[in-house]
1. Compute the distance from the alpha-carbon center of segment 134-153 to that of segment 78-130, in whole Å.
2. So for segment 50-95, taking the charge dipole from beta-carbon charges (+1 Lys/Arg, -1 Asp/Glu), which of LEU51, ALA64, PRO76 sits furthest toward the positive end?
3. Under the definition of Cα pairs under 8 Å and six or more residues apart, what whole-number percent is the relative contact order of the chain?
4. Give the lysines whose C-alpha is closer than 19 Å to that of LYS366, dropping any in the same chain fewer than 8 places away, or say none.
5. Efficiency by 1/(1 + (r/R0)^6): what FRET value for SER101 and LYS134, r their Cβ-Cβ distance, R0 = 22 Å, to the nearest 0.05?
6. I'd like the Karplus ³J(HN,Hα) series for segment 395-405: coefficients 6.51, -1.76, 1.60, θ = phi - 60°, whole numbers in Hz, and an x wherever there's a Gly or Pro.
7. At q = 0.29 Å⁻¹, what is the base-10 log of I(q)/I(0) for segment 258-319 according to the Debye formula with one equal point scatterer per Cα and no solvent? Please give it to two decimals.
8. Could you derive backbone 3J(HN,Hα) for segment 305-319 from the dihedral phi with the Karplus parameters 6.51, -1.76 and 1.60 (θ = phi - 60°), listing whole Hz in sequence and x where the residue is Gly or Pro?
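No value in this document is a laboratory result; all are computed from the given coordinates. Being a predicted model, the structure only gives us computed values, none of them experimental. Here the Cβ is made from the backbone with ideal geometry for all residues, glycine too, and neighbour counts use every protein chain on show.
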Amino acid sequence: MSIIRDPALAPSGHRKIDWVRNFMPALSQIEARFKEEQPFKGLRVAVSVHLEAKTANLGLVLKAGGAEVCLTGCNPLSTQDDVAAAVAERGIEVFGKHGVSMEEYEALLAETLKCHPHIIIDDGGDLVQLLSGKCKEYADCLIGGCEETTTGILRLKAREREGTLPCPMMAVNDAKAKHYYDNKYGTGQSVWDAIMHMTNLVVAGKTVVVAGYGWCGSGVALRAKGMGANVIVTEIDPFKALDATMNGFRVMKMEDAAPLGDLFISVTGCKDVITPAHYAVMKNNALLSNAGHFDCEVDVKWLEENAVEKWEQRQGITGYRLADGKVLNVLAEGRLVNLAGGNGHPAEIMDMSFSVQALASEWVAKHRDNLEVKLYDIPNQIDDQIGWAKLAALGLSIDKLTPEQEKYINSSNA
């Protein structure tokens, strides 16, 4: 039985779900085929992704394909209670509430896994973590799974090296349809959508410090530049740092950027990116936010323990007054700002990412008898299928190689 905040919130959630379904044409094509072919008939799928309207649509597509779907969130602050109520009314078991404690959050994940899933769709690796430990007894039917995000892939690669993967996993984050499109353009827009809504402050003229210049960080920096910000990038990779420089951004260490920044956004997937040493030299009323998956990039714990005063500045923004009188403002508790403080990526973006999830899950189901316990790349045919479907949905056409051109580029005598 579903565990949700309030069933009476469902009408608002239904409107959100119906709205995004209008703008996810590639996934709609997949859903139509799934209804006919029923690739998940007899299978249970546990989904732990940010529980909002686009994720609800993914759950409905899997259900249309014959799956018994159990849906939960992957962050205590990103679940939208009205969407959870609505998708529960549409025949999916839902275990998610907004604003729960970490203990309650883990309990909801465990409830989701009690279905003994055949396939898992994870975002950040929490389901894998539980199935490898506290919830190992629920892993008896596992045939494989998919991972949505960069941080989760890093954790899976570590498990692969250690030999502790509970089942074969698909690296959805590394698909072209995901990192070219979702990570750069989705993160770039949704992060700023959330920050501007939460702060109601101008971006133009501010000094914005972006920590990390991978696919996500580069998208955040690009959008900041487009809105007139003075952007500084911090990095640990020399080539990413050079790339940022070539794109017109200033590059420096965080210790040098800390006194200059008005707004900080960490996008690294690591921990201790913004620390007390940086707080000591920051401007009064600096804004601190995180667009990485976990809430350890900005050291909020230190602020909680050492600030002389703490209060809510605006909804989702906590002010911390330090001993020297300076105030630092943390957005969305240092959690994933675009979801904990906003609506996440646009529907058109998640159309592609969740198309990868749907097709990768189908691939796992079809190849279940021949899979090794390792991390798999997304097959090129899945990526290409989604790319062509998205182009067609947008009314775009591109050139194709002629037979002579194919022969030319594949010949050693060209």
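1. The two parts, judged by their Cα centres, are 13 Å apart.
2. ALA64
3. Dividing the mean separation by the residue count of the chain yields 17 percent.
4. In chain and number order, the partners are LYS35, LYS41, LYS63, LYS374.
5. Result of the calculation: an efficiency of 0.85.
6. These are the phi-based 3J(HN,Hα) values: x, 9, 9, 10, 6, 10, 5, 6, x, 5, 5 Hz.
7. So the normalised log intensities work out to -1.49.
8. 8, 10, 5, 7, 7, 9, 7, 7, 6, 9, 4, x, 10, 9, x
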